[in-house]
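Working notes, structure below.
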Amino acid sequence: RVFPFIDAADLAAANGSAVVRGNLIRGTTGAGVLVDGGVYATQYLNNTIIGGTGDGVSLIEQSQNVTLNSNIITASGAGNAALRAASTAQRGFNADYNLYFAGSGADAVHWQRAFNSVAAWWQESGFDRHGIMADPMFMNPAGSDYSLSTGSPAHFAADPAGVVRNTGAFEDTF
């Protein structure tokens with residue numbers, strides 16, 4: 001599924017929690033995914049999130065209890081980040097097995113400061129121990145084909161406890 005915009009009503013379960021799984025999220029104005037003040041558990045699992053004109057994933061206000069696992073998250077352009085979390089939006093956060101790609105001057109992660117190395121991000125935050133910061137090697141992003149090319153670092157990089165092999169929304173087709 002491709003979502004240029006997902007309304008909050010499309011995500012919330014009866015108890016307010018949500019699982020967003022296996023989607024290509026692209027074509028947005030601003031952040032690819034913007035989490036604004038939610039307190040219920042929201043899990044983003046095996047998605048490919050292409051940052052629009054802003055960050056790939058942006059957590060703002062009093063957002064909490066967000067989990068990112070086995071996603072490809074991208075951003076491009078100076079001042080943007082694949083993942084950005086405001087200092088007020090970090091409570092209950094968890095992340096692992098994600099692939100972050102920052103192009104054209106963007107940062108991979110901005111968590112009170114910029115991180116462009118998985119080792120530094122993991123050592124300081126404790127998140128994404130199994131994360132990757134690299135070009136995901138999409139087949140043809142200019143043609144909107146975000147499946148993985150041969151040699152992509154996202155192949156077989158998903159959480160082994162999950163049900164898919166690849167990080168991101170696309171399984172192998174070869």
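The values are calculated or read from the model by the stated rules, or taken from the named source; none is laboratory data. No experiment lies behind these values; they were computed from the predicted model shown. Quick reminder, even Gly has a Cβ in these numbers, built from the backbone with ideal geometry, and neighbours come from all protein chains shown. Quick note on the areas: whole protein, heavy atoms, side chains included, nothing else; ligands and nucleic acids left out. Shrake-Rupley method; radii C 1.70, N 1.55, O 1.52, S 1.80 Å.
Key figures for this structure:
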{"quantity": "Amide H contacts under 5 Å for ARG21, placed H, 5+ residues apart", "calculated": "LEU45"}
{"quantity": "FRET efficiency for GLN123 and VAL163, using Cβ-Cβ distance with R0 set to 22 Å, rounded to 0.05", "calculated": "0.15"}
{"quantity": "For the chain: accessible area per residue (Å², 1.4 Å)", "calculated": "48"}
{"quantity": "Descending principal axes extents, the stretch 74-147, alpha-carbon based, whole Å", "calculated": "38, 25, 20"}
{"quantity": "Gain on full stretching of the segment that runs from ASN140 to SER17 - 0.36 nm per residue minus C-alpha separation", "calculated": "40.9 nm"}
{"quantity": "Principal axis dimensions, the chain - Cα atoms, whole angstrom, descending", "calculated": "41, 35, 33"}
